[in-house]
Amino acid sequence: MKFEDLITEINGFGRFQKMILCISFVGRFTLPCHFLLSNFIAAIPSHHCDISSLDAEGIFGNLSREQKLTVSIPAQDDGTPASCHMFSYPQFHLLTNSSSSSELPVVQCQNGWEYDNSTFISTLATQWDLVCDKKGLNKAVTTIFFVGVMFGAAFFGGTSDRFGRKPMLLVSYISGMAFTLASIFSTSFIMFAVLRFFSGFTITGIVIVSVVLNVEWVDIQHRRLVCITGSMAWAVGSTSLSLFAFCIRDWRWLTVAVTSPLLLSTVLWWVPESARWLIANGRAEKAHYYLHKCAVMNRKEEVISRIKPEALSIIASDEGKKNYSYLDLVRTPKLRRLALLTGTIWFCVATMTYGISLNITGFGLNMYLTQFVYGAIEVPSKLIVYYLLEKIGRRKTEAGAQLLAGISLMINIFIPKDQWVGRTVVAVLGKGFAVAAFCTIVLYSSELYPTVLRQNGMGYNSFLGRLGVCLAPLVLLLDSFWGHFSQTILCSVALIASVVAWQLPETRDRCLPETIEDVEGTGVLFRSQKSKCTQKT
């Protein structure tokens, strides 16, 4: 008997699996909030030099606030006070003379800044004066966080294959919550940046582990359902972030609000270890324990009562009891080719998706509505993916989504920039296709790698994906050399990923490989569910 047959007999998508899915949904809801949190906590409100010290000395006399600003700070082209400079001494003649102030002597702000609190009560910029010469540090927050995510993906991918899915998921919940909450008590920007790095490092384990855990507990027919349902947590989290940010304008309390679901996930802790992983690692007794719990909850207790732990041991090969590492991804030819292909796709799709997300403009909406629209776009995209995964398969869906995203980017290169409506519509379509590609490759990769290396494979892929995320903002900076440089690169990346995706084997209606031999063709064949999973003879 194969594990696929056993999980089907005890109901491959019963109350047990739905409970796992619901709990992981709560935890994954937090991820997009943290991935996009810098859009709000690192925002730079309108500001100008603080002139309160001059006012305290009585230099201004009975001047109104507007008059004080006029004589103290040069005006920009739009008439607002300059953000980073002030006059070297008050220019009282400007009150009666409308001549230009551009030729008057100016100096950098001497006593800090005064911020407009109409939109934000507090941000990182207002907390540590990250403006003017230090303005780049706000963007550095995002990069630092994603560097942590990148290394965290590799860490949790390897450790969860070695120590199990359940303990590493709990580690990610608790440590991610601890580092994030600790960051709100930072007394300096450096302290905050370090804690933000570790927040990204630890919180990424949630998606790395939960995706695989969900897939390993369901039968073949429901793998796409749990993948799409789980990915909907990203759409819900993205749209909810705009509501959180709109209601909470202080960066500390906003951070607390988007982290709170992790506390709920920890309190409601009821997540079983992966029976597949236990069997693959020679722990048949423990696997039987969780399978029994699954059968009881799914009202299939009579099925598991006929199966002894010794029978489960037959499923695991001696090779499956070894400790595996990332080096095993490149030891054998077919697995090495698989790692190269999936890694390339993850890097490309992540670069493209975040490149499009950071470059969509022209909505004419404020930042809260824009964030809401970005999240809402993902819902129809993922519903379409759910349909296509069954109808045309994983490979065609992935390659097709990448191709259409590339075409969308190519079209935008030729649309004049003053036609913002057309550019926005095409860009939104491009993001929808990019989201579809990202959603598909997560499920696709988890089905391609064997159980003994599945977390290592997902960790490796996620590492490359996060590397692409880190590079996406740098790609957009290339527009300073040529206005369409970034779009050309992102288009090329999407088309390359589409070609690479066609080289992968289809996994629709096929059993998950358990060992390296299954991938190399010397163990269990990738057979259709209709013909069951059989041992190669």
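The values are calculated or read from the model by the stated rules, or taken from the named source; none is laboratory data. A quick note: this is a predicted structure, and the numbers were derived from the prediction, not measured. Methodologically, a virtual Cβ is constructed for each residue, glycine included, from the backbone with ideal geometry; neighbour enumeration extends over all protein chains shown. With ligands, DNA and RNA removed, areas are computed over all heavy atoms of the protein, side chains included. Shrake-Rupley method; radii C 1.70, N 1.55, O 1.52, S 1.80 Å.
Some notes on this structure:
- Subset of segment 441-483 [of a type in the set (Gly, Ala, Ser) and open to solvent by less than 10 Å² (accessible area, probe 1.4 Å)]: Ser445, Ser446, Gly457, Gly459, Ser462, Gly465, Gly468, Ala472
- Residue within segment 393-404 that is within 26 Å of Val226 (Cβ to Cβ) and not in a helix (DSSP H, G or I) present: yes
- Scanning segment 186-245 for residues that are farther than 26 Å from Lys166 by Cβ and open to solvent by less than 20 Å² (accessible area, probe 1.4 Å) gives Ser186, Phe192, Ala193, Arg196, Ala235, Ser238, Leu241, Ser242, Ala245.
- Residue that is farther than 16 Å from Ser160 by Cα, modelled with pLDDT of 80 or more and aliphatic (A, V, I, L, M), where the choices are Leu264, Leu312, Leu278: Leu264
- Reported count of residues in segment 267-285, each being surrounded by fewer than 17 Cβ atoms within 10 Å (Cβ to Cβ) and in a helix (DSSP H, G or I), is 2.
- Residues located in segment 235-270, provided they are hydrophobic (A, V, I, L, M, F, W, C) and within 13 Å of Val26 (Cβ to Cβ): Val236, Val258, Leu262, Leu263, Leu264, Val267, Leu268, Trp269, Trp270
- Qualifying residue in segment 430-440 (condition: hydrophobic (A, V, I, L, M, F, W, C) and open to solvent by 30 Å² or more (accessible area, probe 1.4 Å)): yes
- Residue match in segment 129-139 (condition: within 19 Å of the chain's Cα centre (by Cα) and charged (D, E, K, R)): yes
- Residue match in segment 148-160 (condition: surrounded by 19 or more Cβ atoms within 10 Å (Cβ to Cβ) and of a type in the set (S, T, N, Q)): yes
- Breaking point among (1) among the small types (Gly, Ala, Ser); (2) at pLDDT 85 or above; (3) open to solvent by less than 40 Å² (accessible area, probe 1.4 Å), for Ala178: (3)
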